[in-house]
1. Here are some conditions: (1) small (Gly, Ala, Ser); (2) modelled with pLDDT of 95 or more; (3) within 16 Å of ligand 1 (Cβ to nearest atom). Gly441 meets all but one. Which one does it not meet?
2. Pick from Ile313, Ile298, Ile320: which is hydrophobic (A, V, I, L, M, F, W, C), within 27 Å of the chain's Cα centre (by Cα) and farther than 28 Å from Asn385 by Cα?
3. Restricting to the range 226-240, name every residue that is over 12 Å from the mean Cα position of the chain (by Cα), surrounded by 18 or more Cβ atoms within 10 Å (Cβ to Cβ) and more than 6 Å from ligand 1 (Cβ to nearest atom).
4. Can you pull out the residues in the range 340-367 that are over 30 Å from the mean Cα position of the chain (by Cα) and over 30 Å from Asn260 (Cβ atoms)?
5. Determine, yes or no, whether Thr418 is in contact with a Leu (Cβ under 9 Å, 6 or more places away or on another chain), free of Cβ contacts under 8 Å to residues at least 12 places away in the same chain and either of a type in the set (Ser, Thr, Tyr) or part of a helix (DSSP H, G or I) (or both).
6. Find all pairs meeting these conditions: Cβ atoms under 7 angstrom apart; at least six residues apart or on different chains; first residue within the range 1-13 and over 16 Å from Gly41 (Cα atoms); second residue part of a helix (DSSP H, G or I) and of a type in the set (Lys, Arg).
7. Only residues in the range 443-463 that are in a helix (DSSP H, G or I) count as the first member; pair them with residues that are among the aromatic types (Phe, Trp, Tyr) and within 16 Å of ligand 2 (Cβ to nearest atom), Cβ under 8 angstrom, at least 6 apart or cross-chain, and list the lot.
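The values are calculated or read from the model by the stated rules, or taken from the named source; none is laboratory data. Please read all numbers here as calculations on a predicted model, not as lab measurements. Here the Cβ positions follow ideal geometry from the backbone for every residue, glycine too, while neighbour counts run over all protein chains shown.
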Amino acid sequence: MFNKRTRIKELLKSNSVDFETTVMGWVRTFRNNQFIAVNDGSTNNNLQIVVALGMLDDSTLKRITTGACIKATGKIIASLGKGQKVELTADSIEILGDSDAEKFPLQPKKHSLEFLREIAHLRFRTNTFGAIFRVRHSLAFAIHDFFNKKGFVYLHTPIITASDAEGAGEMFKVTTFPLDGTAPKSDDGSINFKDDFFGRSTNLTVSGQLEGELAAMAFSDIYTFGPTFRAENSNTTRHLAEFWMIEPEMAFSDLEDNMNLAEEFIKHIIKYALDNNREDLEFLSQRLEEEEKQKPQIERSEMGLLEKLDFVINNDFERITYTEAIEILKECSHNKKKKFQYIIDKWGIDLQSEHERYLVEKHFKKPVILTNYPKEIKAFYMRQNDDGKTVAAMDILAPGIGEIVGGSQREERLEKLTQRMNEMHIPTEELDWYLDTRRFGACPHAGFGLGFERIVQFVTGMGNIRDVIPFPRYPKSASF
Ligand code: 4AD
Ligand code: MG
């Protein structure tokens with residue numbers, strides 16, 4: 001067996017010294033031919049390895065370079081130097097993998113996030129991305145923990161589908177047909193998918209919700225957690241073409257139950273990260289503070305990262321209707337002075353992220369749940385309210401991000417649902433299986449979708465969504 005090692009995180013937090021151990025990891029720095037700072041990704045803190053003078057020959061010393069992978073065996077002792085409690089005095093050092101110092105792109109200095117995005121295959125080895133992806137892991141774990149404790153069934157919904165769950169037409173096609181124009185055509189000139197792999201037109205899923213609803217009508221409470229794909233041409237700091245989404249779906253639930261669950265859920269996972277990733281969050285908080293120093297005073301956040309997260313878990317989210325939000329926005333001085341790019345002048349318009357952020361950051365200064373949107377700007381499956389104008393939708397808006405959750409109570413009345421689908425030109429024949437839930441034992445039910453990367457952004461304080469997913473996909477970019 002090769003792997004007999006102790007993780008650096010364990011060594012640094014243990015209080016015992018004077019024992020033999022082995023560590024393996026990647027060299028961050030090597031000073032004076034004597035002090036190696038090594039990191040194994042279990043924590044951002046490096047272990048200092050002390051090499052006695054004369055212990056290694058010159059050719060081995062030369063191979064201890066930034067980026068090289070090493071195995072070190074020796075004794076853990078109380079550190080003589082400053083900055084660390086313990087260090088390892090090496091008895092032996094083995095180079096597991098060389099790294100040419102001239103060519104290794106990560107130097108022990110500050111690199112820009114843009115540069116690191118270009119070398120995303122190596123950026124895991126920096127402190128910033130080490131912290132981000134350990135937090136991302138914890139949040140994913142906390143999500144499963146939350147729903148598991150509540151008795152929800154984790155449902156794996158398909159990635160290849162034949163439907164458009166959001167009815168927005170933002171889908172990536174899936175086909176094995178050649179792209180050279182020789183794909184079979186129907187009489188009307190359109191591609192005939194009968195002979196394609198699935199015998200029909202298929203695409204990557206935009207949401208697991210519709211399948212989730214089917215399962216909720218059997219298990220009562222389910223959730224999905226998987227990748228979703230949107231071919232929307234949005235080049236923003238909050239959009240990805242491939243992102244992960246968590247979608248719980250609950251039978252016997254209305255809009256209020258939905259909001260309550262979403263709020264409890266978000267607070268639970270943030271608290272989990274605060275309790276389990278303190279060190280990484282402190283590092284990220286510091287990073288954000290440094291970054292914000294570059295900004296003009298007025299654009300800086302009022303709270304530090306940890307303070308903001310504490311605030312969110314300890315305070316109720318504000319809950320207002322879309323109609324109330326429009327009133328606030330219409331009357332605010334920002335709107336009157338025409339400082340919004342899109343002026344709010346009438347009920348019915350879709351809110352842009354500048355409006356969402358105004359409500360959250362300037363007006364309420366806390367997360368806001370907006371409810372009961374005009375039906376024209378929401379999906380076909382949302383439950384129609386008695387006013388004939390709005391639907392039982394809810395979006396949760398977070399400071400610095402905007403929308404992190406989109407959800408609704410679902411239209412469980414067959415007639416109302418098919419009527420709305422017809423109005424919106426959603427083909428009812430193709431979604432006949434979905435309509436079956438409304439034919440056989442329908443009940444009031446509700447659910448929502450949390451954009452995973454958006455909550456990771458919120459918790460880590462990262463400004464760009466491309467920095468919180470290992471290998472981001474966005475317009476004109478699918479490297480690695
Ligand atoms: O609001 P959306 O489109 O809602 C749905 O897909 C519903 N089927 C959810 C449900 O009710 N089960 O997306 C939900 C969330 C958004 O609030 C946002 O956080 C995230 O998914 N999201 C994106 N995240 C990154 N990049 C994109 N292009 C995203 N589009 C949506
Ligand atoms: Mg939405």
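1. Of (1) small (Gly, Ala, Ser); (2) modelled with pLDDT of 95 or more; (3) within 16 Å of ligand 1 (Cβ to nearest atom), only one is false for Gly441: (3).
2. Working: Ile298 fails: within 27 Å of the chain's Cα centre (by Cα); Ile320 fails: farther than 28 Å from Asn385 by Cα.
Going through Ile313, Ile298, Ile320 in turn, the sole match is Ile313.
3. Answer for the range 226-240, where residues must be over 12 Å from the mean Cα position of the chain (by Cα), surrounded by 18 or more Cβ atoms within 10 Å (Cβ to Cβ) and more than 6 Å from ligand 1 (Cβ to nearest atom): just Phe229.
4. Ile343, Asp345, Lys346
5. Values: in contact with a Leu (Cβ under 9 Å, 6 or more places away or on another chain): yes; free of Cβ contacts under 8 Å to residues at least 12 places away in the same chain: no; either of a type in the set (Ser, Thr, Tyr) or part of a helix (DSSP H, G or I) (or both): yes.
Criteria not met by Thr418.
6. none
7. Taking only residues 6 or more apart or on different chains, the pairs are Phe452/Phe243; Phe452/Trp244; Glu453/Phe243; Glu453/Trp244.
Rundown of residues vs (1) in contact (Cβ under 8 Å) with a residue 40 or more places away in the chain; (2) under 25 Å from Thr437 (Cβ atoms); (3) acidic (Asp, Glu), yes/no style:
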residue	(1), (2), (3)
Glu166	yes, yes, yes
Lys185	no, no, no
Ser190	no, no, no
Gln209	yes, yes, no
